[in-house]
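S.K.: Have a look at this one.
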Amino acid sequence: MSLTFANANSPAIPLHVIETSTFKTWYQDQTPDTCTWVDANGFTGAKGQALLIPGINGAPLMALAGYGSTKNRRRGRFLLAEAAENLPQGVYAIASGLPDDVAEMECFGWLMRGYTFDRYHQKPANPIALIAPEGIDATKVEILAAAETLTRDLINTPASDMGPDALQIAAEALAHQHGASCKTVIGEDLLVQNLPMIHAVGRAAAIAPRLIDIRWGSTGPTLTLVGKGVCFDTGGLNLKPSASIGLMKKDMGGAATVLGLAHMIMALKLPLKLRILIPAVENSVSGNAFRPQDILTSRKGLTVEINNTDAEGRLVLADALAMADEEKPNLIVSMATLTGAARVAVGPDLSPFFVDSDVIARSLTNVSGAMFDPIWRLPFHDPYESMIEPGIADLDNAPKGGFAGSTTAALFLRRFVTDTPDYLHFDIYGWNPTTAPARPKGGVGMGARTILAALPGILKL
């Protein structure tokens, strides 16, 4: 699937984007025939409205897209894509009304409204196209759309076709596309190369666990992305109930989002040295599955008491983070569908993040709104450190009590990053539970566009 802009020389229908507050002013400048048509169809500039206005010979004269009110835009995003859903087939060119400060993201939304996951079932599409407006970076917007498509496709693919081996193939294809190197440590070699917790979590599955390692770039600051690649999570011996297990194909959403972000970085040729680490496993039940009360020794040397085998994501991330930390990059970013506690705290639409640096936090929050990619900072609250210290081992993978679950998980991960100047962790959901403009129900990238926009300031690119 290629989500791209129409050729700039294509015959196009002029499209006017109209807010409810500016509708009367626009209306007063129109011909009587146009006003009659607008009145007959009840167009007022309300969000989601769209109207094609015929000319004297019946050919389209122009089209209108309702952009709603300021309140509408605070309560949603991608309003241009919402209106586009109600336009007939054709090629359109923005003629007026689209604010410059949101033009790129509204056009990104227009492209993403064409996304469908059609690997198993062909779906009808509304073949409308947009000529990139002047003043936007059309190439960049198309790169963002390709990255988001990659992330969504990976998450939406069921575990029967997206196990650790298939995730490796997808990562290798991305590396090849951009001239990056990719190597993978598989199965028993994880023990040989001191990645014991990745091995422990994935050893019960039919498909061997692995660590995928991609490198790209030769100059500039160093950035390492770590994505949780649990391709299916049964919960292990602490088996998930039916209500919780149904969406577990998305438990590799962190890896999918990291690969999407990596595509953005490499396609845009950001001047940095990039490394991507993805522990790819399936948390299954078998005779050799790791057990509650087991004590595992991590790559870092820290021991971990297993009090719930369903808290496996932090285990595989811990070994990958320890490996990343050994090179002391300028910044490590981990992304994971890690805790239900994060969903209880902020719901499915916000991406909570943890970072010690107030400067990095501000860099992220300052660009989040402009990228239509909402985030929210949660605390690395040091007084909770004692909650992850069980006494019998250095760390507890699932503290009892149920309080501050996202924070204690983040604190657990931070223990494995000791030598890198800055560590940033995103606890994302990776799934859109209900269809919204430019975001159909299913897998979705979260946090990646915000990170991309903030990187130049964080890494001084």
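S.K.: Over all alpha-carbon pairs of the stretch 286-348, lay out the pair-distance distribution in 5 Å bins, whole %, shortest bin first.
M.R.: 3, 14, 21, 20, 18, 14, 8, 1, 0
S.K.: Separate question: Let me know the whole percent of all Cα-Cα pairs from the chain that are separated by more than 43 Å.
M.R.: Tail of the P(r) past 43 Å holds 19 percent of the pairs.
S.K.: Over all directions, how big on average is the projection of the convex hull of the alpha-carbon atoms in the stretch 367-461, in square nanometres?
M.R.: 8.4 nm²
S.K.: DSSP loop chymotrypsin sites (Phe, Trp or Tyr not before Pro) in the stretch 69-160 with at most 15 other Cβ atoms within 10 Å of their Cβ, which ones?
M.R.: Here the sparse-neighbourhood loop sites are TYR120.
S.K.: With both partners inside the stretch 13-136, how many of the DSSP beta bridges are antiparallel, as a percent to the nearest 5?
M.R.: Antiparallel bridges: around 30 percent, rounded to the nearest 5.
S.K.: With the contact rule set at Cα under 8 Å and sequence spacing of 6 or more, what percent relative contact order holds for the stretch 13-136?
M.R.: After rounding, I find 28 percent.
S.K.: Past the 19 Å Cα-Cα mark, which pairs from LYS249/LYS273; LYS240/LYS400; LYS300/LYS328?
M.R.: Pairs exceeding 19 Å: LYS249/LYS273.
S.K.: Antiparallel DSSP bridges in the chain: what percent, to the nearest 5?
M.R.: Counting only bridges with both partners in the chain, antiparallel ones make up about 40 percent.
S.K.: Just need the relative contact order of the chain here, percent rounded to a whole number, with Cα pairs under 8 Å and 6+ apart.
M.R.: Relative contact order comes out at 15 percent.
S.K.: Show that you can apply the helix-only estimate: for the chain, add -39,500 (n - 2.57) for every DSSP H stretch of four or more residues, divide by all residues, and state [θ] at 222 nm to the nearest 500.
M.R.: One gets -10000 deg cm²/dmol as the mean residue ellipticity at 222 nm.
S.K.: Pairs of alpha-carbon atoms within less than 8 angstrom and 6+ residues apart define the contacts here; what relative contact order does the stretch 267-312 have, in percent? Mind showing how you got there, number by number?
M.R.: Numbers: 25 pairs, mean separation 12.4, N = 46.
Computed value for the stretch 267-312: 27 percent relative contact order.
S.K.: Please compute the Kirkwood hydrodynamic radius of the stretch 300-450 from all pairs of different C-alpha atoms, in Å with one decimal.
M.R.: Final number for the Kirkwood radius of the stretch 300-450 is 16.1 Å.
S.K.: For the stretch 250-363, what D do you get in µm² per second when you plug the Kirkwood radius from alpha-carbon pairs into Stokes-Einstein at 4 °C and 1.567 mPa s?
M.R.: D, rounded to a whole number, is 79 µm²/s.
S.K.: Something else: DSSP H helices in the chain with Cα extent of 18 Å or more along the helix axis and mean Kyte-Doolittle hydropathy at least 1.0?
M.R.: On the way: long enough: 138-156 (27 Å, 0.38); 164-177 (20 Å, 0.16); 253-267 (21 Å, 1.48); 313-326 (20 Å, 0.66).
Within the chain the helices that satisfy the rule are 253-267.
S.K.: Here's another thing I want to ask about it. Using only the alpha carbon atoms of the stretch 13-136, find the Kirkwood hydrodynamic radius as the inverse mean reciprocal pair distance, in angstroms to one decimal.
M.R.: 15.1 Å
S.K.: Here's another thing I want to ask about it. What whole-number distance in Å separates the alpha-carbon centres of the stretch 223-294 and the stretch 421-461?
M.R.: 15 Å
S.K.: Calculate the translational D of the stretch 108-188 in whole µm² s⁻¹ from Stokes-Einstein, where the hydrodynamic radius comes from the Kirkwood formula applied to all Cα pairs, the temperature is 37 °C and the viscosity 0.692 mPa s.
M.R.: In µm²/s, the coefficient rounds to 216.
S.K.: Name the trypsin sites (Lys or Arg not before Pro) in the stretch 210-288 that are in a loop by DSSP and that have at most 14 other C-beta atoms within 10 Å, would you?
M.R.: On the way: sites: ARG210, ARG215, LYS228, LYS249, LYS250, LYS269, LYS273, ARG275; in loops: LYS228, LYS269.
Those satisfying the criteria are LYS269.
S.K.: What's the local net charge at THR234, with K and R +1, D and E -1, over the other residues with C-beta under 11 Å away?
M.R.: Every neighbour counted, the sum reads -4.
S.K.: Residues with beta-carbon under 9 Å from that of ILE278, excluding ILE278: net charge, scoring Lys, Arg +1 and Asp, Glu -1?
M.R.: +1
S.K.: Trypsin sites (Lys or Arg not before Pro) within the stretch 363-420: which are DSSP loop residues with at most 16 other Cβ atoms inside 10 Å?
M.R.: Answer by residue number: LYS400.
S.K.: Separate question: Using a cut-off of 15 Å between beta-carbons, work out the net charge of the residues near GLY76 (Lys and Arg +1, Asp and Glu -1, GLY76 not included).
M.R.: Result for the neighbourhood of GLY76: +2.
Values in this text are rule-based calculations from the coordinates and carry no lab data. It should be emphasised that the depicted structure is a prediction, and the values quoted were computed from it without experimental measurement. Cβ: placed from backbone, ideal geometry, glycine included. Neighbour counts: every protein chain shown.
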